[in-house]
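Student: Okay, here's the structure, questions in a sec.
The values are calculated or read from the model by the stated rules, or taken from the named source; none is laboratory data. Predicted, not measured: the structure shown is a model, and the values here were computed from it. Neighbour counts run over all protein chains shown; Cβ positions are idealised from the backbone, glycine included. These area figures cover heavy atoms from the full protein model, side chains too; ligands, DNA and RNA do not enter into them. Shrake-Rupley method; radii C 1.70, N 1.55, O 1.52, S 1.80 Å.
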Amino acid sequence: MGCDNLRRKQWTWPVSGAPPKLERVEGGMSPEVQFVFYLAAVVCFVLAALGTRVRAPVQFVPLGLALFVFPTMWNTGVAAF
């Protein structure tokens, strides 16, 4: 049912000492896009930490949490369906 592409290799490190690379799930978010989401989340958390210095009509903590969770949620949804 399409679960074969989700199986990962056993987590044993090769002799060279380099960590193994995970295979990307087809349709999943690329690492570059995930980085942009995580970076935007960090910026939102920093703006929220500034608190009273930055006034904006948007709440930065919920936005940062949403940006932080979205890549994981997207990849999980792709893997599930």
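Student: If amide hydrogens are placed 1.01 Å from N in the peptide plane, which non-local residues have theirs closer than 5 Å to the one on M29?
Tutor: HN-HN under 5 Å from M29: N75.
Student: Okay, moving on. Ignoring ligands and nucleic acids, what accessible area does V36 show with a 1.4 Å probe (Å², nearest 10)?
Tutor: Spelled out: V36, probe radius 1.4 Å, area about 90 Å².
Student: Moving on. Tell me the label-point distance for the pair Q34, A66, using the 7 Å Cα-to-Cβ offset, in nm and rounded to one decimal.
Tutor: Placing both labels 7 Å beyond Cα along the Cβ direction yields 2.2 nm.
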